[in-house]
Each structure stands twice: as C-alpha cells, then as structure tokens.
Amino acid sequence: MSFSIFHLISLFLLCSFLQKSSHAIKKSYIVYLGSHSHGPNPSASDLESATNSHYNLLGSHLGSHEKAKEAIFYSYNKHINGFSAVLEVEEAANIAKHPNVVSVFVNKGHELQTTRSWEFLGLENNNGVVLKDSIWEKARYGEGVWPESKSFSDHGMGPVPSRWRGICQLHNFHCNRKLIGARFYSKGYESKFGRLNQSEYTARDVLGHGTPTLSIAGGNFVPGANVFGFGNGTAKGGSPRSHVAAYKVCWLGTIQIECTDADIMKAFEDAISDGVNVISCSLGKTTPPEFFEDGISIGSFHAIQNGVIVVASGGNSGPKLGTVTNVAPWLFSVGASTIDRKFVNYIQLGGDNKHIMGVSLSTGLPSDKFYSLISSVDAKLGNATIDDAQICMVGTIDPNKVKGKILFCLLRDINGLYYAEEEAVSGGAIGLILGNDKQRGNDIIAYPHLLPTSHINYIDANYVHSYIKATKTPVAYMSKAKTEVGAKPSPVIASLSSRGPNPIQSIILKPDISAPGVDILYAFIGAISPTGLASDNRRIPYYIGSGTSVSCPHVSAIVALLKTLYPHWSPAAFKSAVMTTAKILDTNERPIRDQSNKEDATPFGYGAGHIQPELAMDPGLIYDLNTIDYLNFLSCSRGYNQTNMKIFSKRPHTCPKSYNMLDFNYPSITVPNLGKLHSVQIVTRTVTNVGSPSTYHVHVKTPYGISVLVKPSSLTFNQVGEKKTFKVVLKVTKPTLGYVFGHLWWFDGRHKVMSPLVVKHS
C-alpha cells in the first residue's frame, strides 16, 4: 500500500515578543529572494548551489564569503529562497537595495493560541501525515512532543511511509511507526535572545503544548483516559491511524514564550520537503501584519503552491471584533466553540437556596458543610492596593485572614487562574471561588485546581460579591465537580475565540470555520504539574484545556481524512468541503449562540459554521481556487507591486484589468461596502461538481435591509468536474449601520452547499 503524507502544525501560542533595545548594534533579519529556479524536488547539488548563492550575495556586502557564513544562521534553500542573518541596521538597509533582494524584514515573534501550551508538530494518516504545532491564549508551556505518551504508541500502526524524509531529534527516545519524526528550530530565537543550554536542543515537549495538539490531531486509541476521573473514556485523535511528526519552533524565554519568523519559515520549508500534505498551525500574531512581512503567510503560501493544506488557529483575543489572526485567504482559519460536555460544580451560600453553577476539575471540600467565606479585598494585606487584592495578585493576601476559609477572587484574565490559586494555597485557604469581571463575562474554564475551586460567570460573581458585603458572617458550600454530558445548547462560540471582521482584508471572511475548542481532553507531559505551581507535585498523562490551538487540530485531522478520499483535490477544495457543509444551528435547532453575551452568534464568530465531518466527506459542490487566484488577490486587492509579488511568484504578475475582487471564488461571500439606498453590487462565483449528476436549486436567507437575487436559480450537473457560474445581485433596500448577515445555499435534495452572506451597507 502506498502512503501519502499529511502534516499538522499546531503552534498554540499567543504572547507578545521581546524586542532588542533600540541601541542594539545588531538584529536578526530575514532576507527574502523570491522563489528558487530549481524545481520542487531539488538535488543535493541544487541545495548546495542555493546556499552558496546566499553566501555570495551577503558576502558581497560584508566583504567576504567567510563573514557571510558567520552571519547567516538559516539558508532557505528548498522551497523558500532566502536566508536569515544577524546584521547591523545599515547592513540590512544596503542589502535591501540589491536588485535580487525582494524584501528584508526583522525577525519578529509569534504567539501560541491556547490556555496552555506551544510548539510545532506533525501527523500522518495511514494514507497521510499531519503536521502540527501548539495551543493559543497565554501559554505556559513549551512544545515538541512527549514521546512516551500512550497517544503516540505505534500499536496497530502500519509501516513508516517510504516517501517520508523527516528525522528524529529527540533525546533518549527513538521515533516509531506512530511518531515518525521530530525536529527543533532554535537559531532564530537564539539570534534575538541568546544561546540555549545544550540540554534544550531537542524536540521534546517540556512545557505542555505540542503534546496536546498532536494528540488531538492524530493520537492513537487510549482506553481509560481521564483527568482525575473527569471525562473518562477512550482518547483518540481525529485521525488516529495517522503517523505523526513534531516541529518545535517556540521556546520559553525569561518572560514569555517566543516563536520567531526565522524558525517558523525554516520549519515550513522542512515540513514541505519532508513530505507533508496538511499543516496545522496554531500560532499567530495578535495583530496580523501584511502578508509579505509575515513568516506564517509566506511559509504557508509556499506550502499551498506545493499542494500542502495549511490549517491555522484564529486566535484567542475574543470576544472583541476585528481580533482574528492568520487571515490570508490560502490559510484555513479556525475559531473555537463548546461541546456538549461540561465539568460542573455548585456553590450554595448560607441562608440561600440558590445553587450557583461553576466549572472545575477539582475535588470537593474536606467535609460536607458550610465554610467561612471571605472576599480578597477583606483579606488583603495592609500594604496591598484594593485593585491588586481584588484579583488576588501574588503577595496581596493576608494568610491570617484566609486560613481555613473559602477565598473569593475576581478574575480578569487567564493568568489570574494561576496567581489567585497560588495566593489561596500559600495562605492556607480551604477553597477558592473565581468570579469573572464584566469583560470576561461568561467565559469560564474547567481547571485542575489544587484547592476545591469553582469558576463562575460575571452575573453570578456579582451575586456572590453582594452576598459577602451584605452578610455579617458569610459562609458557603461547594460541591465536588462532576462530568455532565448532553449539555444544551451546544455548540456555543467561545468568548476567548477571536472575532472578525478580517483586519487586513475585510472582503475575506475570517475565521473560516469553528470547531471544538473548550474543555477538550488531550495527552499531557510528565515534566510539569497540571497547575505549574511549586506546591503541586501531581503528574497526569492527560489534561483538559481550551483555545483555538485546540480547535485547529480538529480541522486538520478532518482535512487529513478527506485527503485519503480525494488525494487529487486542491487545498482550496478541502477548505470548501468543510465550510459549505458546516452547521449554523445548535442542538436545540436554534441559531448558534455567543458565549460572551448569550445572543445569536454571527459569521464573525463561527465563519461558515461549526464543522460536520461526516457531511464534508460528500459536499456535492466545491468552490475552488488556485495559485493564480491568490496572486490576483495580492496584486489587485492588496495592491502589491512587482517587488512584493516576487515573494510569492517566480514570474512577474500584475493585476488583470478586468479583475473584480468581489468575484474571488471564496466559499463565503462578503461585501464590506455595498453603498447607500438602492446601491447594487454583483458577485460572481463558480462551483465545481464533485458528486453524482444532479440539479441544484438556490435558497437565500437575506441579510436585513438587503435584497438578494441569484441568477440562474438552478444549476444542473451531468458529470464530476463540471463547473457552473452564477451571479448574486445584492441591493440596499433599507440602509442600516454595521454589518448584516444572511446565507445562500444550493440544495439538490441531498446536498446542502451553504455560504454565509456578510454585508455592510457603506
């Protein structure tokens, strides 16, 4: 049997990066030269020739070949053409003037997208490999992979694919038929922050991010997986018979986790060369840059050119609008939503019959009775500010006031989970209640606290706070947490998930899709405790966490499985199949809701909708795109000049005179400037039949204040691969402020091929 390769890159890290001070003499830069003259399968002599050309170019500016070799720490000689080097500002400016140089940009950092980890990983199905990296939100972990996890056992796995060209850079562990490769990339990090210890030169996961994301994408079957008894069952990845590989690009700095463009681009290049077919990238920048200055956008474009699908986390900066990241149209950007399982416990206040629901993965109180309850402000040390004490900042709580009591703390951000518990534990509290502030709203997280703990939403937090203030001797009881399955409604769009509209190009809807990303069980590492606290001696093989780093590998796995069914589809075809078969109704058959405000969610939260893998296997019709379409997007929509375009194309490319960006054949339809009353815009789309002969009829749920006419209203297909074009005429009938939303779908009695309509009047 032949094996195709898929890779998931899951880098789930959202953190800001440290920059060199302005007086620094040298910085690390990426010098981009466009595409190589050699083909997609270069020989050893081709690679050597490309690297020598980099040395020669830089040497002509630095004065010698030797100085160039000293300065260059990466030569991108396979698919990407360029190099990374440590240079003086003036040297970089001079090199930028060289006629063969397309772009020179500073080696910047990216962030992980999870409540917990980071890294770059890969995975392969029995017909493919998926490459992945890490998780989103403020990460506390590092990636690679923890190879001893049962999720990476090769029991039941087939042989390593003959086409696989990866290597295994792990200490004290040999890769197997499941975990077939592991690489690490540190030179970009070291060029900015200094040398790592020799012991750190490994793809092993020491902080807990790559292991989770890789297991979600392609972990093997593991019976009896649970977290302290919660969520007990058989754990498996979305594509459990995939071979997997890890590509570690993120490192724990003195303050935060750092993932640099230079390392990311090198990992992309190696992943493509190793033989990947799917890249799942859960790493991104809080504020996305222009595509020609972004390592992920550049690396993923080269992947797409080589037929490699790239799935990416949409970010953890929600629920604020316009925060979505990884917004290039060739990327498959994923938001996060809930599932129908919760880990809940209940709080009862003294003299009150009301039961307040919270979430937790902690044990219950030592005795089945009420305990004294105290707010963090009432328990503060004399020198602590009220503002710091409210959130139980480290060093603000008086142990003499909290010992043996339940402590109530305000939670403003994810970091509060850690320092509030540290204060409660060190102060001798018997339990902890974490109440959201107004901005955090309904975003509550199940967490394996050391103390009996409950995390409650903003409204309930206000209720508890008012009770404490109004009661002379406040007391509370907290039940032990339990697993509840069948929760309704689900899915719900997670508050943490970043929202559209697209901050770079509003005509492209982002995120593209939503997938499970809240309270997901995954493999963990043995190097650290589940809380990271010094007093926590527990070690667990599985963990439960949240973030778009978690949702991303779900989609990557789906694409990997689809690749086995349709090995010759384009990357855009897989994206279309998943998007057009997504659902927009929850388990109550009502519109999917937004966790932050409990109102109906919009395509800015869920994109085309929530994934339905079984329907994506037979989408009926697809919206296809190719490299030329993406180049037209860059030259026309972004206005890139010939120099910018060389980053993405070997040959000169200019915007066609007749091009209309509204006709970009994306599975979603967005018109961000329709105009005033009676204004009309026409959108053109082309669908390709990938099913049996059939006739489709159009249906429309019109956005408020807009009339929609689709011509023709029916499409008949007689064979696979047949294409049909239709036009959508949108007209303003009642002007309103902001965006309005609707949907358009084609239906043949079996296949429902749906696209969101996103319109702004003016």
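The values are calculated or read from the model by the stated rules, or taken from the named source; none is laboratory data. In this text the structure is predicted, and so the values were computed from the model without any measurement. FYI the Cβ positions are ideal-geometry reconstructions off the backbone, even for glycines, and counts take in every protein chain you see. Side chains are part of the model used for accessible areas, which takes the heavy atoms of the whole protein and leaves out ligands, DNA and RNA. Shrake-Rupley method; radii C 1.70, N 1.55, O 1.52, S 1.80 Å.
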With every protein chain kept in place and a 1.4 Å probe, region 644-762 has an accessible area per residue in Å² of 49 Å²
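Taking the highest mean first, how do the peptides 463-472, 150-159 order by number of other beta carbon atoms within 10 angstrom per residue?
Working: 463-472: 14.0, 150-159: 17.8.
Ranked from most to least packed, the peptides come out as 150-159, 463-472.
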Summing -39500 (n - 2.57) over every DSSP H run of at least 4 residues in the chain and dividing by its residue count gives a helix-only mean residue ellipticity at 222 nm, to the nearest 500 deg cm²/dmol, of -5500 deg cm²/dmol
So the FRET efficiency between Asp154 and Gln348, C-beta based with R0 = 51 Å and rounded to 0.05, is 0.55
Region 335-402: spread of alpha-carbon positions along the three principal axes, whole Å, largest first, is 45, 39, 21
Over all Cα pairs of region 464-538, the Kirkwood radius sets Rh, and Rg/Rh then becomes 1.12
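Can you give the local net charge around Ala85? Use residues other than it whose beta-carbon is closer than 11 angstrom to its beta-carbon, Lys and Arg +1, Asp and Glu -1. Numbers along the way, then the final one.
Values: positive: Lys26, Lys27, Lys67, Lys69, Lys187; negative: Glu70, Glu88, Glu91.
Taking every Cβ under 11 Å from that of Ala85, the sum is +2.
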Cα extents of region 452-603 along the principal axes, largest first, in whole Å, come to 69, 40, 34
Here P(r) for the chain, Cα-Cα distances in 20 Å bins, as whole percents, is 17, 49, 30, 4, 0
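Nearest 5 is fine: what % of DSSP beta bridges in the chain come out antiparallel, could you say? Don't skip to the end; give the middle numbers.
Values: 93 of 135 bridges.
Beta bridges within the chain, antiparallel portion: roughly 70 percent.
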Semi-axes in Å, largest first, for region 313-370 (Cα gyration tensor, √(5λ)) are 40, 13, 9
Largest first and rounded to whole Å, the semi-axes √(5λ) derived from the alpha carbon gyration tensor of region 569-643 read 31, 19, 7
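Taking a ≥ b ≥ c as the square roots of the eigenvalues of the Cα gyration tensor of region 500-577, is the shape rounded (a/c under 1.5), prolate (a/b larger than b/c) or oblate?
On the way: a/c = 4.03, a/b = 1.80, b/c = 2.23.
The shape class here is oblate.
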P(r) of region 621-762 over all Cα-Cα pairs, 10 Å bins starting at 0, rounded to whole percent, reads 11, 35, 31, 19, 3
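Counting residues in region 262-306 as N, plug N into 2.2 N^0.38 Å and put the Cα Rg over that result.
Values: Rg = 10.4 Å, N = 45, 2.2 N^0.38 = 9.3 Å.
Ratio of Cα Rg to 2.2 N^0.38 Å: 1.11.
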The ratio Rg/Rh over the Cα atoms of region 302-458, Rh being the Kirkwood inverse mean 1/r radius, stands at 1.11
Computed on Cα atoms only, the convex hull of region 437-485 has an orientation-averaged projected area in nm² of 4.5 nm²
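Could you compute Rg(Cα) / (2.2 N^0.38 Å) for region 642-717, with N its residue count? Display every interim value, and only then the final one.
Details: Rg = 17.1 Å, N = 76, 2.2 N^0.38 = 11.4 Å.
My calculation over the Cα atoms of region 642-717 gives 1.50.
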Over all viewing directions the Cα convex hull of region 164-300 casts an average projected area in nm² of 10.1 nm²
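Can you tell me what percent of all Cα-Cα pairs in region 524-673 are more than 20 Å apart? Before the final figure, lay out each step's value.
Details: 7438 of 11175 pairs.
That tail contains 67 percent of the Cα-Cα pairs.
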Between Tyr418 and Ser37, Cβ-based FRET efficiency (R0 51 Å, step 0.05) works out to 0.50
